[in-house]
Amino acid sequence: MNAGVFLLPAAASSFLRHRKYNCKESTRVSNNIFCFSNQHERRFHNFPVLRPAAYNQFHITLRKSISQLRQVGRVKADAKSEPFEITTTKSVNDSLSSEDEFDSSSTVPWWEEFPKRWVIVILCFSAFLLCNMDRVNMSIAILPMSTEYGWSPTTVGIIQSSFFWGYLLTQIAGGIWADTIGGKTVLAFGVIWWSVATIITPVAAQLGLPYLLIARAFMGIGEGVAMPAMNNILSKWIPVSERSRSLALVYSGMYLGSVLGLGFSPFLIHQFGWHSVFYTFGSLGTVWVALWLSKAQSSPLEDPQLRPAERKLIARSNVVSSGSVVEIPWKLILSKKPVWALIVCHFCHNWGTFILLTWMPTYYSQVLKFNLTDSGLYSVLPWLTMAFSANLGGWIADTLVSKGYPVTYVRKIMQSIGFLGPAFFLTQLSHIDSPVVAVLCMCCSQGLDAFSQSGLYSNHQDIGPRYAGVLLGMSNTAGVLAGVLGTVATGYILQHGSWDNVFEVSVSLYLFGTVVWNLFSTGEKILD
């Protein structure tokens, strides 16, 4: 066998490159150890034969040949050898590192092989689960609280709206903070802040109404930074081919958080009083923060425990931003039409979503004639539908991207479904008499609405991954304003009109958003 096919370690490579030996034959000394001799029959060294990953196929053939010759104990060249130079140290080391990486991956436990980027996604999912649990518990606890403290309906409305005072303040600020110092710190701050605000809510209520309003506004401040911080983190960790799925899973945490909050709050109130809701839900945030600080990093570049293979995968996807953001280019951002498409469409989307989710129990009671218990039960169904369809839409979008469809095409298709689907089902409500069919129609409307997670909600990271936090803060500010204005406007419309008029406004905004999105949005990066 010609000895020139063997690849040797660094020491052997360096030795032979300087001596330029012409190997004539190689002799097995022990298992995988060969002694090479030159054309003058002079033995010069023993070297182990190594198997770089680049020559896997050759290695298989070589092992078969050697296994057949084990009984002989000596391997001779079948033909005259020709002068050759042993592979350089660099290529051998590179090949060895690749194979070592491959071999080591098969020896570690499965939980250590689990992708770190999806650990980050799951932690963000759980943070948003807690976020909505803490947000919706007041809608249940406000009933016994108003009885105990003698609050009027007007006072109850002020308390419910006080959350948005703080929530509006920190959308853009949270995005700037996340893009400049990192999403890990900002999200940890947000969870701690809103958890403390939740825990002190009973104390604030006992001190007086102004203190309660401040506590709820403080809670809004904490939750206001969560979405921009999360968007910043995922823009650095998640490849574009997994972007829709990851965001869909995170946002489904909000939907499931509402389900759990609405489901467990009545039980806790019945068993331990309304105070227990705030103490129980608020304390869960401290557990989450401990896990987050020990497991998460703002960027793959900052994670020393990230496996080399996953680091290369993320780097190849060009999702790791080069350098930190020092200054936000506001003029450049505001000059881009796709940015304004995000802002306008986020407003249109949240108008319809917030109205349905806020006024749905009232609609069930006034129009469908459900009692209060049934209204609460059926109010949970759209949240469950949204959790399922958001993940379904994310899987569809990422599959299309993986198959080579342009990101712009995928985003426009998914968001068009997220607008036109709800618009269609809302137009059918005025023609439906059956309560069961009406509830099914509402679930379908909200289920298709959740496809927006793979449309506009994913687009911030597409057009400007370095400024994903700021972009989401800007568009979500418009979305929150739509929720506040839409909730108030719906009350005015119902006082002077009907539910059909409420749905007509939402449908008009859905259609307007569809036109704007398809004309001006893009899936290409426009901000760097």
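The values are calculated or read from the model by the stated rules, or taken from the named source; none is laboratory data. It should be emphasised that the depicted structure is a prediction, and the values quoted were computed from it without experimental measurement. Cβ: placed from backbone, ideal geometry, glycine included. Neighbour counts: every protein chain shown. The protein model used for the area step is the full one, side chains on, heavy atoms only, and it has no ligands, DNA or RNA in it. Shrake-Rupley method; radii C 1.70, N 1.55, O 1.52, S 1.80 Å.
Annotations
- The figure for residue 184 is an accessible area of roughly 30 square angstrom, using a 1.4 Å probe on the protein chains alone.
- Computed FRET value (nearest 0.05) for residue 316 with residue 504, which takes r as the C-beta separation and R₀ as 41 Å: 0.25
- Positive minus negative residues near residue 230 (Lys, Arg vs Asp, Glu; Cβ under 12 Å): +1
- Theoretical gain in end-to-end length, residue 113 to residue 495 [0.36 nm per residue, Cα-Cα removed]: 131.7 nm
- Efficiency of FRET between residue 305 and residue 388 - r from beta-carbon atoms, R0 35 angstrom, step 0.05: 0.60
- When the residues 243, 316 are ordered by accessible surface, computed with a 1.4 Å probe over the protein chains alone, the sequence from largest down reads 316, 243.
- Under the shape rule built on the C-alpha gyration tensor, where the axes satisfy a ≥ b ≥ c, region 154-217 is oblate, since a/c reaches at least 1.5 while a/b does not exceed b/c.
- Shape of region 107-250, Cα gyration tensor, a/c cut at 1.5: prolate
- Extension reserve of the residue 437-residue 180 stretch, reckoned as 0.36 nm per residue once the Cα distance is removed: 87.6 nm
- Contour minus Cα-Cα distance for residue 424 and residue 293 (0.36 nm per residue): 42.7 nm
- Heavy-atom accessible area order for 492, 167, largest first, 1.4 Å probe: 492, 167
- In region 432-528 the Cα-Cα distances spread across 5 Å bins starting at 0 as 3, 10, 14, 21, 19, 14, 9, 6, 3, 1, 0 percent of all pairs.
- A simple spin-label model places the labels of residue 207 and residue 511 5.1 nm from each other, with each point 7 Å out along Cα-to-Cβ.
- Förster-model FRET efficiency, 30 Å R0, residue 158 and residue 408, C-beta, rounded to 0.05: 0.10
- Heavy-atom SASA rank of 152, 246 (probe 1.4 Å, accessible area, largest first): 152, 246
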